[in-house]
Amino acid sequence: MAVWAQHELLVSAAASLANAFREAGKQFEAANPGVRVIFNFGASGALIQQIDKGAPVDVFASADQKTMDQAKEKDLILAESRKEFVSNGLVLIVPKGSRQELKGVKNLVDPKIARIAMGNPETVPAGRYAREVLTNVGLWEALKSKYVYAENVRQALDYVGRGEVDAGFVFATDAVAAKGKVQVAAVAEGHQPIRYPVAAVAGTKRKELSQKFIDFLLGGEGQAVLSRYGFGKP
């Protein structure tokens, strides 16, 4: 077993990965003595802006392909290290115990549904997928007055969990993480496949360790952790 002399690995990852990555990080540290994994979670779009401004990040994991494509276009990642490592789904949720009769996204036109939470589509992948779903059923513009934008998907989840909104769009894994506070009203369909890519950041000074972490996520142990938190195979 290789021993790393007090190496810190900074990983910026989509907010929806928080619970799973914290556990995966502990396992990675245990398998690599001397390594400390430091996580920075947030909206994928906001994270890539931080990297573009010089944040000392080693590994970036996005909740969508578009954000990683933007990172590639700006030469912010090592393209050869880019891999898809998990998949997810999008769901429409309501507060636990809600009496709203939501059987699908088309029911969001109901006047009783006054506030709908979602991540800001400009920076939050889950919000972008929600916009795609609503656009495809012809409701995006019609429902705009009801939208409550969140800085990341976990904030949208919190809005619903606290009952501050009537419904919201989050990833399926987020709904599982907060099953005591929210319930799934419907699976949101009509969006591109949700697959998460990960890559080493171009400016990393820990290229070997970054690749080792990516390989861990793709390997048996990493995939087992991610599966426990509801993520699917890439």
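The numbers here are math on the coordinates, done by the rules we state, and not lab data. Nothing here was measured: the structure is a model prediction, and the numbers come from that model. Glycine also receives a Cβ, built like all others from the backbone with ideal geometry; neighbour counts cover every protein chain displayed.
Details
- Taking a point 7 Å out from the Cα of Ala30 in the direction of its Cβ, the residues of segment 211-234 whose backbone N falls within less than 20 Å of it are 212-231.
- Cα→Cβ-extended label distance, 7 Å offset, between Val187 and Glu73, nm: 3.2 nm
- Think of it as helices only: each DSSP H run of n ≥ 4 in the chain is worth -39500 (n - 2.57), and spread over all residues that comes to -10000 deg cm²/dmol at 222 nm.
- Pairwise centroid distance, computed over Cα atoms, of segment 191-234 with segment 142-174, Å: 26 Å
- 10 Å Cβ shell holding at most 11 others, DSSP loop, GluC sites (Glu not before Pro): longest site-free stretch of the chain: 1-100
- With 0.36 nm allotted per residue and the present C-alpha distance subtracted, the Glu221-Arg162 stretch has 17.8 nm of extension available.
- Under 20 Å from a label point set 7 Å out along the Cα-to-Cβ vector of Val137, the amide N atoms of segment 80-112 belong to 88-112.
- A Förster radius of 35 Å combined with the Cβ-Cβ distance from Lys207 to Glu151 puts the calculated FRET efficiency at roughly 0.70.
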